[in-house]
């Protein structure tokens, strides 16, 4: 299976087999299975008050949903992300007879809609699943995306109900900021992917302007950023 870690428009890849997992980044190779990496991420989790027994579940996104909707409408990053993702998806899934697609943190479904419009899968070929903790958004996503599949769309409010080995493709488009643990997220993706399969995680890094604003704002009130960023996933 193949997983991609995207720092916005830049996509860093790591490849997973049944035995080993590693980030493949232009300048260095970081084994994902290395205990040191997990210890570092666990230390970050503990510093932020995370609890491992319920680490993967998405945090409550509701209080900032309107602000985030405004950001998504105003930003141009989605266009660049979409162009890069389509290149990968066309290479891997254009000849597939059936594709099981999970949108992890789908919001109201606009981003998957923009991809599926371009890919034009036959409805009988696509098995679509959605994960979104905000019930209003989940309902909107189901309504928006139902025309792309002839099957009933499974709805998930938390990762605990996802099927092990159930998905050919997992998309986490700017949703990995809000999970309880970056370490558990990186452990979850290989578990829910089929082999071969592909996951794409798009997330901003420390140099992103919005992340710099987060840092300035939270540090000004004496707090650490309560969200994960790209560096937390390859620490």
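The values are calculated or read from the model by the stated rules, or taken from the named source; none is laboratory data. Everything quoted here is computed from the prediction, not taken from an experiment. Positions of Cβ are backbone-derived with ideal geometry, glycine not excepted, and every protein chain shown enters the neighbour counts.
What single numbered condition from (1) modelled with pLDDT of 80 or more; (2) under 19 Å from the mean Cα position of the chain (by Cα); (3) over 20 Å from residue 227 (Cβ atoms) fails to hold for residue 105?
Status for residue 105: all satisfied but (3).
Here is a yes/no grid of residues against (1) over 18 Å from the mean Cα position of the chain (by Cα); (2) surrounded by 14 or more Cβ atoms within 10 Å (Cβ to Cβ); (3) modelled with pLDDT of 90 or more:
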{"residue": "83", "(1), (2), (3)": "no, no, no"}
{"residue": "86", "(1), (2), (3)": "no, yes, no"}
{"residue": "95", "(1), (2), (3)": "yes, no, no"}
{"residue": "112", "(1), (2), (3)": "no, yes, yes"}
{"residue": "119", "(1), (2), (3)": "yes, yes, yes"}
{"residue": "122", "(1), (2), (3)": "yes, no, yes"}
{"residue": "137", "(1), (2), (3)": "no, yes, yes"}
{"residue": "140", "(1), (2), (3)": "yes, yes, yes"}
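Here is a list: 188, 145, 171, 201. Which entry is modelled with pLDDT under 90 and not in a loop (DSSP other than H, G, I, E, B)? Full working, then the answer.
Numbers: 188 fails: modelled with pLDDT under 90; 145 fails: modelled with pLDDT under 90; 171 fails: modelled with pLDDT under 90.
The match here is 201.
Got a number for residues in the stretch 93-142 being in contact (Cβ under 8 Å) with a residue 60 or more places away in the chain, assigned to a strand (DSSP E or B) and out of contact with any helix residue (DSSP H, G or I) (no Cβ under 9 Å at 6 or more places or on another chain)?
Number satisfying all stated conditions: 1.
Is it the case, given these coordinates, that residue 212 is in contact (Cβ under 8 Å) with a residue 12 or more places away in the chain, part of a helix (DSSP H, G or I), loosely packed, with under 14 Cβ neighbours inside 10 Å and out of contact with any strand residue (DSSP E or B) (no Cβ under 9 Å at 6 or more places or on another chain)?
So residue 212 does not fit the description; no.
Does the stretch 176-184 include one or more residues that are closer than 16 Å to residue 111 by Cβ, crowded, with 19+ Cβ neighbours inside 10 Å and at pLDDT 95 or above?
Scanning the stretch 176-184 turns up no residue that is closer than 16 Å to residue 111 by Cβ, crowded, with 19+ Cβ neighbours inside 10 Å and at pLDDT 95 or above.
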